[in-house]
Every structure is written in structure tokens, then in C-alpha cells.
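The values are calculated or read from the model by the stated rules, or taken from the named source; none is laboratory data. Quick caveat, the model's predicted, so the values are computed rather than measured. Heads up, the Cβs are rebuilt from the backbone with ideal geometry, glycines too, and the neighbour counts pull from every protein chain shown. When the accessible area is computed, the model is the full protein with side chains, heavy atoms only, and any ligands, DNA or RNA have been set aside. Shrake-Rupley method; radii C 1.70, N 1.55, O 1.52, S 1.80 Å.
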Amino acid sequence: MKYFSTRGDPEELTFEETVIRGLAPDGGLYIPNEIPSLPSNWEEAWADYSFQELSFAVLSLYIPADEIPSDALKELINKSYSTFRDSQVTPLHQISNKLHILELFHGPTFAFKDVALQFLGNLFEFFLLRRNSEVKRGISAEKERITVLGATSGDTGSAAIYGLRSKANLSIIILHPYGRVSPIQEAQMTTVTDANVHNLAVHGTFDDCQDIVKTCFGDKTFNSKWKLGAINSINWARILAQIVYYFSAYFQAKRAGLLEGGKRIQFVVPTGNFGDVLAGYFAKRMGLPMAKLGIATNANDILARFWNSGKYEKGEHGVLETCSPAMDILISSNFERLLWYLASEQEGGSKNRDGACGTIRHWMSQMKADGKVPMPAEVLKLARQDFVAERVSDEETLETIQRYFKANSYIADPHTAVGLHAADKLPEATDDTIVQIVLSTAHPAKFSEAVTKALQTESSFNFEEQVLPPEFKGLLNLPRRVIEVERPEAEQVKRVIEQVMAADAKNLGTEAL
């Protein structure tokens with residue numbers, strides 16, 4: 001299995017190289033040169049697997065054993081998910097016979113991104129320790145250290161920091177939009193004082209932060225000097241790890257008897273950057289039975305507008321601040337990966353890789369220059385074969401939190417509420433042959449303002465008693481370490497990174513790279 005760039009960079013990479021590099025030199029995203037099919041007996045063989053065993057089964061299809069031996073991969077997986085509070089890692093919670101919630105927030109930072117980032121953090125460390133052991137044995141000449149650089153709209157940052165804090169041979173730098181993440185999210189990031197962790201609060205939007213990160217990766221001199229590594233979902237390992245919980249949900253549903261009589265699952269996914277739902281698309285392409293994937297967006301609805309109108313454009317309003325801030329994103333980076341597959345089918349199949357890559361280069365260039373891409377009707381038709389989409393307003397989000405609390409005593413965070421409301425609006429909501437599973441992306445305590453606002457009139461609601469985990473108590477009062485960046489400018493951020501890395505070289509006792 002090799003990996004290549006959606007924009008046609010001629011170099012094919014191993015899995016290790018793909019993880020370490022993160023973003024292709026041409027700005028493209030790495031995808032596998034083929035999507036593997038499931039073993040013929042997968043349903044029977046995997047039926048009683050634990051989450052860890054499912055992870056090994058799925059990941060082994062993408063990671064050759066000569067890159068990570070089976071025993072080492074199992075050890076990485078077990079280490080990654082030993083930090084989760086639920087033995088099932090991503091348990092399925094029943095709301096009704098029709099509707100279930102896949103809770104993805106049982107990791108150390110109470111967000112779905114822990115599933116991928118606990119694994120990615122261990123992968124980075126594994127590869128670097130192995131590479132540096134080769135230095136000791138004289139196989140390689142220079143010890144390696146990488147600078148993991150990422151942008152966050154809230155949850156990626158804390159999950160990445162918790163996954164990489166104090167890891168050997170790496171530093172982590174996270175950019176977040178100043179004042180545009182929840183207080184708990186900000187505290188989770190900035191109260192981590194491990195020497196290799198650095199937070200930059202940028203006066204701007206998440207899209208500004210994401211653009212700056214991409215600019216840093218695209219600067220070959222800067223990238224080479226600091227050996228940048230990616231933790232955003234532009235890193236293929238993020239998507240790969242998330243594929244697993246679609247299989248876990250399927251088997252949990254099957255064991256519970258939910259799929260008897262030929263019923264199928266529709267996964268409904270609240271998403272901003274398109275990574276979480278893209279993992280479901282890969283699961284579907286591999287052969288996991290499911291109905292159309294449901295995309296749930298907030299008012300920042302570039303994805304919903306594409307599926308409902310065929311227009312892929314930023315829109316004129318810019319990024320809107322909503323009560324579901326992790327989805328306040330103007331352009332969804334991972335959408336490029338799906339567009340490659342759509343372009344490939346339009347170009348006559350995966351054999352015409354060059355044609356699909358050329359189309360993606362053209363489309364991404366248009367998007368950068370004009371803020372929109374006229375999409376061919378055939379592309380929209382292909383996209384609608386696997387997805388449906390709905391937009392959910394703040395008012396609908398808050399009403400949904402209240403409705404599910406009243407009817408089911410279930411407290412949803414605002415992003416999960418976006419998914420729940422979208423599920424109600426999708427055509428499959430009235431189809432008796434469909435079981436809907438909404439992906440719950442965060443614990444409600446991470447978004448106390450929205451949850452409290454939605455439930456302020458409910459006399460039976462008590463945030464501290466019903467929502468706040470012990471881990472969050474006192475978190476807002478801990479000392480913080482964060483660097484404020486006054487303008488969302490790549491050159492200014494690069495200067496800050498230079499200063500941070502010089503300090504790291506001194507504090508961590510390493511030579512400046």
C-alpha cells in the first residue's frame with residue numbers, strides 16, 4: 001500500500017512517510033493508491049471483536065506489516081485506547097428503536113478527536129524512536145526531531161496536545177482563533193505546561209489559522225528547517241483511525257438486534273472540516289453496509305449548500321460565530337479528498353489518476369482565486385449517491401438540546417444537537433427500514449454556555465451535578481501558557497515559531513535543527 005497526493009505530486013509514499021509528512025509538497029492531501037476491500041468472511045470473523053481488535057483488523061488493511069509488524073501495531077492500538085473511560089471506547093447509546101447516538105467523547109479530552117489523536121501521537125513517537133535508533137546503530141547519520149504544527153477550532157488542539165505531550169523527539173504548536181473556542185476548550189489546551197507544548201492564540205478565524213498552517217507547510221525552506229508534522233485531519237492517519245468506529249457501531253447495532261429484517265444504518269455526522277464523515281465514506285467504499293451518509297452543518301454551511309444546490313463556494317458572509325464553534329469553518333479541507341474520488345469517477349475511474357489530479361489542481365486553484373468552483377452536474381450526481389446534507393441554525397440547535405433533555409433525559413452538546421436535528425430533517429427519518437446513528441462528537445461539559453442557555457428554563461437541570469465531569473472542576477483556574485498573535489499573518493506566526501523552537505532547543509536540551 002502506497003499513498004499519493006490528490007494534486008498529482010509524482011512521489012508515492014509509504015505509510016510512515018505519509019504520517020510524518022502530513023501535507024504533500026504541492027498542497028494536496030494524501031490518499032491510498034487503492035481502497036482495500038473487506039475480507040470475504042469479515043462479518044463472521046469480526047462479529048465479536050473489541051474496539052482494539054477491530055482497529056487492528058481495519059488498520060492492517062492499510063498499513064503493511066513490513067512497515068509496522070503486527071505485534072507492534074497491536075501494542076500501539078492497545079496503548080492508544082487504554083486512556084478511554086468506556087471499555088467499548090465508542091459506545092452506542094439508544095434513544096429509541098429508530099435513533100441511536102454513537103458516543104465518541106470518552107477519551108482523555110472528552111472529544112471524538114481523541115480516537116485518532118491518541119493513536120497518531122503514539123505513531124509519531126514510534127516512528128521517531130525507530131528512526132533515531134538507526135542513528136545509534138550507524139544506519140542513519142542524523143537524529144530526527146519534528147515540530148507538529150496544527151490549527152484548531154477547539155477540540156483538535158486539546159486532543160493533539162494530550163496525545164503528544166512529553167512525547168520523545170517532538171514539539172507541538174497549536175494555533176487557535178483568539179476568543180472563538182469555548183472556555184473549557186481553551187483551558188484544556190493552555191493549562192498543559194509540558195515543555196514540548198506551545199499554544200498560539202491568533203486574532204482571526206479558524207480558517208485563518210488553517211491557512212497559516214498550510215502556508216508553513218508549503219514553505220519548503222521553513223518546513224525543512226523545522227521538520228513540520230501535521231496533526232489536523234489533513235494527516236491521513238487521522239482519517240484512518242476514525243474509520244474504525246463506523247465498524248464498531250455496525251457490530252454494536254447488529255449484536256443489539258437493530259439490523260434484523262434487512263434494516264440498514266444511516267450515519268448522521270455533524271461536521272465542519274469533513275474529516276469525520278469522510279472516514280464513513282471510506283468505510284462505505286470498503287464494503288460496510290450503510291445508507292447514504294448524512295452531513296449535518298451549522299450556519300457555516302458550505303457543505304450543505306454544495307449538496308443541496310451544487311454550488312461549492314465560500315459565500316459572502318465569511319465565518320459566522322455559532323453555538324457549535326468547532327464547526328465554524330468556511331472551507332472544509334478534507335472535502336478535497338472526496339472531490340478527488342468524484343473527479344476520478346468522472347474521468348473514467350481510478351486508472352486515470354493523472355486526469356483526476358489535474359482536475360483537483362484546477363478546482364483548488366479556482367477556489368483559492370475566486371472563492372468558488374463551478375461544479376459539473378455529473379460530480380453533484382455522483383456525490384448525491386453517497387451523501388445527503390442539512391443545515392441547522394443556532395435556534396434549532398438549542399431547541400434540540402432542550403427537546404432531547406425533556407423527552408429522553410439526554411444532554412447533548414451543541415454539535416451533537418446539530419446532528420440530531422439534521423437526522424430528523426433527512427428523508428430517511430421516516431423510512432422504517434433505516435436505523436439512524438448520530439455521531440456525538442463532544443461531551444456537553446465542553447460547551448457549558450450553549451447547554452446552559454438551552455436548558456435554563458428546566459428546573460430539573462443542574463449543570464454541575466448532571467454534566468460537569470470531575471476532570472473539569474477547577475480547570476478554568478489553573479495557570480496558563482499561551483502566546484497571543486495580534487494578526488492572522490503567516491510571516492508573523494513563522495517568527496513566533498522560530499522563537500518557540502529556539503527556546504525548545506534550549507529547554508529540552510537538544511541542538512537547534
Mean accessible surface per residue for the chain, computed with a 1.4 Å probe while every protein chain stays in place, in Å²: 38
Hey, what did the stretch 1-157 get for relative contact order, percent, Cα under 8 Å, at least 6 apart? 14
Rounded to the nearest 500, what is the chain's calculated 222 nm mean residue ellipticity when only DSSP H runs of at least 4 contribute -39500 (n - 2.57) each, over all residues? -13500 deg cm²/dmol
Rounded, prolate or oblate (a/c below 1.5 giving rounded, otherwise prolate when a/b exceeds b/c) for the stretch 368-501 by Cα gyration tensor: oblate
With r defined as the distance between the Cβ atoms of Arg487 and Asp370 and R0 fixed at 22 Å, what FRET efficiency is calculated, to the nearest 0.05? 0.35
Highest mean packing first, using Cβ neighbours within 10 angstrom, the peptides 456-464, 34-42, 385-393, 267-275 sort as 267-275, 385-393, 34-42, 456-464
Using the alpha-carbon centroid of each, what span in Å lies between the stretch 201-271 and the stretch 1-22? 17
Percent of Cα pairs exceeding the 26 Å cut-off, where the set is the stretch 72-193: 32
Mean 1/r over distinct Cα pairs of the stretch 263-397, inverted to a Kirkwood Rh in Å, yields 15.4
With contacts defined as alpha carbon pairs under 8 Å and 6 or more residues apart, what's the relative contact order of the chain in percent? 19
Taking the stretch 394-471, the whole-percent share of alpha-carbon pairs separated by over 20 angstrom is 31
Kindly state, to the nearest 0.05, the FRET efficiency for Asp26 paired with Asp194, given R0 = 30 Å and r defined as their beta-carbon distance. 0.35
Within straight-line cross-link reach of Lys263, aspartates and glutamates at Cα separation under 15 Å, skipping those fewer than 8 residues along the same chain: Glu428, Asp431, Asp432
What distance in nm separates the two pseudo spin-label positions at Lys494 and Thr215, each 7 Å out from Cα along the beta-carbon direction? 0.9
For the chain, I need the span (max minus min coordinate) of the C-alpha atoms along each principal axis, in Å, sorted largest to smallest. 63, 56, 49
Could you tell me the accessible area of Tyr178 in Å² (1.4 Å probe, neighbours in place), rounded to the nearest ten? 110
Reachable lysines, given that their alpha-carbon falls under 26 Å from the alpha-carbon of Lys220 and they are not under 8 places away in the same chain: Lys2, Lys143, Lys167, Lys368, Lys494, Lys506
From the protein chains alone at 1.4 Å, what is the descending order of accessible area for Glu395, Glu347, Glu316, largest first? Glu316, Glu395, Glu347
With labels modelled as points extended 7 Å from the Cα through the Cβ direction, what inter-label distance (nm, one decimal) is found for Asn78 paired with Ser459? 5.3
SASA check, Glu336, accessible area w/ 1.4 Å probe, all protein chains in place, rounded to nearest 10 Å², comes out at 10
In whole percent, how big is the carbon plus sulfur part of the accessible area of the chain, probe 1.4 Å, protein atoms only? 46
Tell me, what is the 1.4 Å probe accessible area of Ile20, in Å² to the nearest 10? 20
Cα gyration tensor shape of the stretch 210-310, rounded if a/c is under 1.5, else prolate or oblate by comparing a/b with b/c: oblate
For the full complex of protein chains and a 1.4 angstrom probe, list Thr109, Thr193, Thr430, Thr205 by accessible area with the highest value first. Thr430, Thr193, Thr205, Thr109
Tensor-based shape of the stretch 39-116 (alpha-carbon gyration tensor, a/c under 1.5 rounded, otherwise prolate or oblate): oblate
The stretch 1-140 - convex hull of the alpha-carbon atoms, volume per residue in Å³: 161
At 0.36 nm per residue, minus the direct Cα-Cα distance, what do Glu449 and Ser37 gain on full extension? Give it in nm, one decimal, please. 143.9 nm
Top positive-direction residue, dipole computed over the stretch 175-242 with Cβ charges, set Thr221, Pro183, Thr205: Thr221
Residue separation between Ala47 and Leu475 times 0.36 nm, minus their alpha-carbon distance, gives in nm 150.0 nm
Mind giving me the nanometre distance, one decimal, between the label points for Gln88 and Met1, set 7 Å out from Cα along Cα→Cβ? 2.6
Computed over the Cα atoms of the stretch 376-417, what is the convex hull's projected area averaged over all directions, in nm²? 4.1
